[in-house]
Amino acid sequence: MKKKILFGLMLVMGFVLGLINVQAVLVPPCGPSLPPPWCQTAINCGAKECTAVYEAIDAPASALCHTDYDVLCPIPEPDGFCSPYNPFWVCQGTTAKGASCDTATCTLICQTGAAYVYKGIEATAESTATAFYTSLKAAGFFGDIVPCGEIDSCMEEVPVSALQSYNRLTCEGIKQSTLVRIFGDPAVNKALLEQVLPEIATRPEVLDALKSTGYQFVSPEQLAKFINDCGFECGTNTLEAVVNQQKLSVLANKAVDAARAAYGIELSTANEMGVTALKLYNNLYQKFEPLINLYNHPLVRLASVAHGAYSIVSSAFSGSGGGSEQAASVASNTLAAKNDIITAANCNIDGSSRITKCEPREFKGGNLKEWVNNCLGQPNCVLDDKDGALQCIAALPGGKDKPVEVRLCSIHVIDHRLNNMFTLTGKQNQGVVYQTDGFVNIDKGGTTKISVAGTGAFITDVKNNQLYIGPGTTFYYGKGDSEEDTYVTNAMILDYDSRIGVADVNAVEQQRYPENKQKNLKQNIELAVTFNKRDLQGYKNAINIEKSDGSYEITARGFSDILLLEEEKVFPLVTRNYAKGDASIIMHRNVKIPNTYIVNDETYEYTIKTIDDSTKVITKNGKIIEDSGSFDTRLSRRQNILVNNI
């Protein structure tokens, strides 16, 4: 029986010895073993904690293994006999035991068992430490258990979006590249970060990282606290760079002002001007009536009639394409105006503008008293040194949502309510003034570019012309320009006083007719519009509206669509090198225009007026060639030649 037991123990010993031979190359039989490689480098994130978790499991197991291996297993005790003269030995440890007819073999079996148990516990220690190491980094929260020597590694390895706290940024030795990674990541929690920044404000690597990433503080109060904590200990140049990269809305704050003043932090010229303008913007805006007042204005109501009838006119007089080309042209012009507005709204201050006192100016309409009180002689004007234009900020509608704002890369006045923009250039341009009824006074000087991407703009010029300007782009050339008092437009312009609406004609339509032979004329396809100028401007497409005691003379050249408005109906005509009417007057029969008009296309002259119950077109020799009433629409050959030039 003893021989069978001995044979079985020898088989076990052989198996265990094979295991030891495999493992012995790596570590001593009972350790203590080294933790995993990622726990061994002192500066690795979580190395100390990982090592501690590992050793908490490995050290007791190693000590117990050594007790068995070194103390208990080498003390065999007899337990019977293998033969009359050969005792049977038993070796008893805490974790293993052995039995053999030979004392050395008995000890070896016991030691091998102890080492085997230790190896299992060692594997558990490694897996537990690794799990702790992984979860520590995944949690993104590094409390005091993580020493400062490891924090740079933690901040470098862990995704910024996973960081739950930034308190350990107070540790010394965090590299600038790590700070740049955190400050520049869109996922950074600025509210938490800015609780820590004042504590590390004086470190050069912190300031350099804020500067290089263009870091934007979440609030003016946080920026002010940072400046105060940084104080004179920070390099002035770098701190100024960090301050100057903040948004104007943050810089234009009393707490930031006080902090800057305390430590001599200067704003750049562009920011100084922008902050001053923004403060004016917030504090000096006068209150304006709601837009409902504008929409109830008679011109606005009339403009809606003209706007709705415009497609009828373009269809009636267009060629084979009907009104589609004109509709496409209007859409293209509107999109171009919209893009101009978007570009201006996103432009950066270029440093060419500054705040100055407002100078005397002339304009028509209401609000003169308010302008004198808020603008004249007050440092409430923005002057563009590059283009020379001037704009009083206090002459624009204000409010929390900034319905009208000034952009300062050149001077752009953007009306977000109506989706319009006034771009001001020229040394004699003193800007726009909003009236309480919603109309905008444009100045008589310089150039005012009117970009309309909404339903229209409503303006009053210095000659007291009240105009509706439709979607597209219109330039008003004022004093100081060779084409003084001229509108050049690719949009519709409606004059309220005369009830005349005029619009440019698309390029496709213009190509269907012979070009004007006068080569000295500007060949722009846009329409030049003037008021009370006897001579047409030097454009191939031009209209002048002469006003005199209730009668109006329209002098036209080139290409244009023209509307004469009643209240709800229109009488359309066009110029295609010659003035032409429409005998059918679609949907608007019996229209009775309120004024008398003389139309002169430099070749023919007509009088258009209401007689009895309809509007009639009368030639110079007194013949009626068109009638909005029950007029025979069949034209004689002579009338065809006269009206349609065919």
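Each Lys and Arg contributes +1 and each Asp and Glu -1, all at the Cβ; summed about the Cα centre of the range 59-175, the dipole is approximately 200 debye. For the range 164-264, build the charge dipole from Cβ charges (+1 Lys, Arg; -1 Asp, Glu) around the Cα centre, then report which of 227, 206, 186 sits farthest towards its positive end. In the range 164-264, that residue is 186. Taken along the Cα-to-beta-carbon direction at a fixed 7 Å, the label points for residue 532 and residue 347 span 3.3 nm.
Other residues within the sphere of radius under 12 Å centred on the Cβ of residue 424, judged by their own Cβ, net out at +1 (K and R +1, D and E -1).
What the Cβ-Cβ distance of residue 191 and residue 356 gives, at R0 = 41 Å and to the nearest 0.05, is a FRET efficiency of 0.55. Accessible area of residue 219 (1.4 Å probe, protein heavy atoms only, ligands and nucleic acids ignored): about 30 Å². In this simple spin-label approximation, residue 567 and residue 82 carry label points 7 Å from Cα along the Cα→Cβ vector, and these lie 13.0 nm apart. Computed extension length for residue 508-residue 332: 62.0 nm, one decimal, from 0.36 nm per residue of separation with the Cα-Cα distance subtracted. With a Förster radius of 51 Å applied to the beta-carbon distance between residue 269 and residue 40, the computed FRET efficiency rounds to 0.35.
Please report Rg over Rh for the range 32-125, where both radii come from the alpha carbon positions and Rh follows the Kirkwood definition. Ratio value, two decimals: 1.22. Principal axis extents of the Cα atoms in the range 36-90, from largest to smallest and rounded to whole angstrom, are 65, 15, 11. The convex hull around the C-alpha trace of the range 185-264, projected and averaged over every direction, spans 4.6 square nanometres. Sorting 221, 272, 553, 233 by solvent-accessible area of protein heavy atoms yields 233, 221, 272, 553, largest first, with a 1.4 Å probe. Shape class for the range 439-481: oblate, because the ratio a/c of the largest to smallest gyration tensor axis (alpha-carbon atoms, square roots of eigenvalues) is 1.5 or more and b/c is at least a/b. Please state the shape class of the range 223-285: rounded when a/c is under 1.5, otherwise prolate if a/b exceeds b/c and oblate if not, all from the C-alpha gyration tensor. It is prolate, given that a/c is not under 1.5 and a/b is the larger ratio. Note on the range 49-135: with neighbouring protein chains present and a 1.4 Å probe, carbon and sulfur make up 64 percent of its accessible heavy-atom surface. Take every Cα pair under 8 Å whose residues are at least 6 apart in sequence, average their separation, divide by the length of the range 163-238, and the relative contact order is 36 percent. The accessible-area ordering, largest first, of the residues 504, 612 stands as 612, 504, per a 1.4 angstrom probe. Sparsely packed loop sites in the range 424-533 (the GluC sites (Glu not before Pro) outside DSSP H, G, I, E and B with at most 15 other Cβ atoms within 10 Å) comprise 484, 515.
So if we plug the beta-carbon distance of residue 123 and residue 228 into 1/(1 + (r/R0)^6) with R0 = 60 Å, what FRET efficiency do we get, rounded to 0.05? E between residue 123 and residue 228, to the nearest 0.05, is 0.60.
Using every pair of distinct Cα positions in the range 74-211, the Kirkwood expression returns a hydrodynamic radius of 19.4 angstrom.
Structural descriptor for the range 39-190: relative contact order 24 percent, calculated from alpha carbon pairs under 8 angstrom and at least 6 residues apart. Of the cross-linked pairs 175/225; 547/609; 247/357; 386/522; 540/616; 386/540, those separated by over 22 Å at the C-alpha level are 175/225; 247/357; 386/522; 540/616; 386/540. Computed from the alpha carbon atoms alone, the convex hull of the range 384-533 holds 131 Å³ per residue.
The values are calculated or read from the model by the stated rules, or taken from the named source; none is laboratory data. This structure is a prediction, so every number in the text was calculated from the model and none was measured. Heads up, the Cβs are rebuilt from the backbone with ideal geometry, glycines too, and the neighbour counts pull from every protein chain shown. SASA here: full protein model, heavy atoms, side chains in, ligands and nucleic acids out. Shrake-Rupley method; radii C 1.70, N 1.55, O 1.52, S 1.80 Å.
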